[in-house]
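The structure appears right after this line, and notes come after that.
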Amino acid sequence: MNALARVAYREAGRATICEILYGPNVLKHAVIDAEAGEGEVVTFSGMPLPIDCRPPAGRRRGEQVGVVPEKLIDSHGVFAYAGIASERIALRRGRFVPIDLEAELSWPRWMGAARRGREELARIAKLLGLERPAEQFYVEYCEEAERLLEPVWNTTEELAEALLDKRELMGHHVDRLVHGDEVLERPVAPA
């Protein structure tokens, strides 16, 4: 159960960061697989646009807004490493069976766990013409994700508990939990 709880906290952290950075109607679903001991957070777009890179209200579609590739890649880096950040916060808060906290929180211990995030970040960076080598571990992305998760930790814990209970959460459920009931479900595409 401890291993599955760690997976649930990882994916709950990624879902929460997705909501913080990209807003509602971006997350498709978050899922954990008890048998495989892994999970994933899937967005509708392979490269969602962060809120701070979108045109302000009142600007017309197609109008130039000055999206900065570095901002795009940094937000995706924080999103990619958010699972590690969430798991580290849960460890510090004693959410798992007692362990050697000092050894668990040392950065070298997370190199293997960061493989998926490093690969995802390198893929997106390549699309943007930037360099983020898949072998490099970006501590600063983890630290930024931790900073963003701390003030909304209760929401992350609720998501982790819901994932442990249901194994899958649809994006509109996560949207409502994070942003409130007034968030509409993903709009239907025009026919």
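None of the figures in this text is laboratory data; all of them are computed from the coordinates on show. The structure presented is a predicted model; accordingly, all values stated were derived computationally and were not measured. Cβ sites come from the backbone with ideal geometry, for glycine too, and all protein chains shown count toward neighbours.
Modelled spin labels at Arg93 and Glu158, positioned 7 Å past Cα toward Cβ, are 1.3 nm from each other. Candidate cross-link partners of Lys71 among the aspartates and glutamates, defined by an alpha-carbon separation under 19 Å and a same-chain spacing of 8 or more, comprise Glu19, Asp52, Glu63, Glu119, Glu120, Glu131, Glu140, Glu143, Glu144, Glu146.
Cross-link reach is defined here as a Cα-Cα straight distance under 19 Å, omitting same-chain residues fewer than 8 places apart; for Lys166 the lysines meeting it are Lys28.
Under a Gaussian network description of the chain, with springs only between Cα atoms under 10 Å, the residue in Gly23, Gly117, Gly37 that fluctuates furthest is Gly37. Viscosity 1.567 mPa s, temperature 4 °C: what is the translational diffusion coefficient of the chain from Stokes-Einstein with a Kirkwood Rh over Cα pairs, rounded to a whole number of µm²/s? For the chosen part, D equals 75 µm²/s. Our estimate of slack between Asp33 and Val67, defined as 0.36 nm per intervening residue step minus the Cα-Cα distance, is 8.6 nm.
When only alpha carbons are used to place a centre, the stretch 1-47 and the stretch 126-170 end up 8 Å from one another.
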